[in-house]
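A short write-up of the structure that comes next.
The values are calculated or read from the model by the stated rules, or taken from the named source; none is laboratory data. These figures come from a predicted structure and were not determined experimentally. As a convention, Cβ positions derive from the backbone with ideal geometry for all residues, glycine included, and neighbour counts pool all protein chains shown.
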């Protein structure tokens with residue numbers, strides 16, 4: 001049997017509580033709300049193997065996402081901007097750039113200029 005995808009709601013707020021309720025009615029999804037204030041957030045997140053992380057862009061602990069992205073590249077993120085009613089989709093991937101030439105090549109590749 002296939003494992004259902006897990007959506008992690010990162011942070012605690014009234015808005016994220018509402019998102020949890022909205023997504024909770026979908027039997028094809030596992031929804032977990034995680035408080036970032038606790039210890040070992042990275043380890044807890046790793047054990048959940050999320051398919052998506054949802055967070056508030058202006059949340060108090062948004063900066064906590066960067067170490068998580070570094071440790072777990074490839075997990076897509078949905079940043080919710082409550083002020084403008086927009087969602088920003090972010091993704092991360094890891095690349096080796098041991099020197100300036102490799103960094104410049106990566107920049108060109110990301111811009112589609114590497115041909």
- Message: I need a count of the residues in region 62-94 that are at pLDDT 85 or above, out of contact with any strand residue (DSSP E or B) (no Cβ under 7 Å at 6 or more places or on another chain) and either farther than 28 Å from residue 48 by Cα or in a loop (DSSP other than H, G, I, E, B) (or both).
- Response: 3
- Message: Take residue 9 and tell me if it is surrounded by 13 or more Cβ atoms within 10 Å (Cβ to Cβ), in contact (Cβ under 8 Å) with a residue 60 or more places away in the chain and in a strand (DSSP E or B).
- Response: no
- Considering region 33-55 alone, what residues qualify as being exposed (fewer than 15 other Cβ atoms within 10 Å of the Cβ) and touching a helix residue (DSSP H, G or I) at 6+ places or on another chain (Cβ under 8 Å)? 38, 42, 46
- Breaking point among (1) closer than 24 Å to residue 2 by Cα; (2) modelled with pLDDT of 90 or more; (3) in a loop (DSSP other than H, G, I, E, B), for residue 33: (3)
